[in-house]
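Comments concern the structure below.
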Amino acid sequence: MAIGLDLLPTTPVQDLTIDEVARRAGISRSLLFHYFASKREYYTAVTTAAAELLRAEVLPPPGTPLVGQLPGMLDRFVGWVETYRESYVAFVRGAAGGDPWVADVYEQTREQLVEVALAAVPLTDGPRQRQLVRAWFAFTEDLVAQWTREPTMTRGELLALLDDVLTRLPRAEG
């Protein structure tokens, strides 16, 4: 799995080849399949490990005051996508494309990030509010992915825009 994680900054998980992973590990393909029953099982393990690293890096550390949680999380999220852009975009597209092994991991990760955003804005908790914050997060993912490819504003302007859009959501509660 460590080799898969090492390759993720430059290679989306779906593009990892078992032959390349085995070669880099100095083992045979069949030995790799001794530990992972299928290529999909290996991809799921690497995707899960990458999502755990993302959550550990992006989610606010325990004890962070509520007021500082969202700005810090957004800044770390932008940094994560800057570093792992291709892999992150493949992760999001794989989840949207209906790959259940990616979608489950993605949903768990996204929900933890949405929880931080929900706690940061004065929205009453409920299905509509969660829907609004999930939509904001989809906007955030798309804008950050585009921005890392073609920055049209400074990082500070990007972070301010994301925060501004989220803080306007209570007006949409109507």
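Only residues that are over 20 Å from the mean Cα position of the chain (by Cα), part of a helix (DSSP H, G or I) and modelled with pLDDT of 95 or more were counted across segment 122-159, and they come to 2. Cβ-Cβ contacts under 6 Å between residues 6 or more apart (or on different chains), taken from a first residue in segment 99-118 that is free of Cβ contacts under 8 Å to residues at least 40 places away in the same chain to a second residue that is of a type in the set (G, A, S) and in a helix (DSSP H, G or I), are listed as A103/A95.
So which residues in segment 103-129 are under 16 Å from V165 (Cβ atoms) and surrounded by 13 or more Cβ atoms within 10 Å (Cβ to Cβ)? Passing the criteria: L113, V114, V116, A117, L118, A120, V121, L123, Q129.
Within segment 119-150, being of a type in the set (K, R) and touching a residue at least 40 places away in the same chain (Cβ under 8 Å) holds for R128, R149. In the set (1) at positive phi; (2) in contact with a Gly (Cβ under 6 Å, 6 or more places away or on another chain), the condition left unmet by L16 is number (1). Applying the condition of being of a type in the set (F, W, Y) and under 22 Å from F91 (Cβ atoms) to segment 19-58 and asking which residue is farthest from the chain's Cα centre (by Cα) yields F36.
The values are calculated or read from the model by the stated rules, or taken from the named source; none is laboratory data. The shown structure was predicted, so the numbers you read here are calculated from the model rather than taken from an experiment. Please note: Cβ atoms are built from the backbone with ideal geometry, for glycine as well, and neighbour counts cover all protein chains shown.
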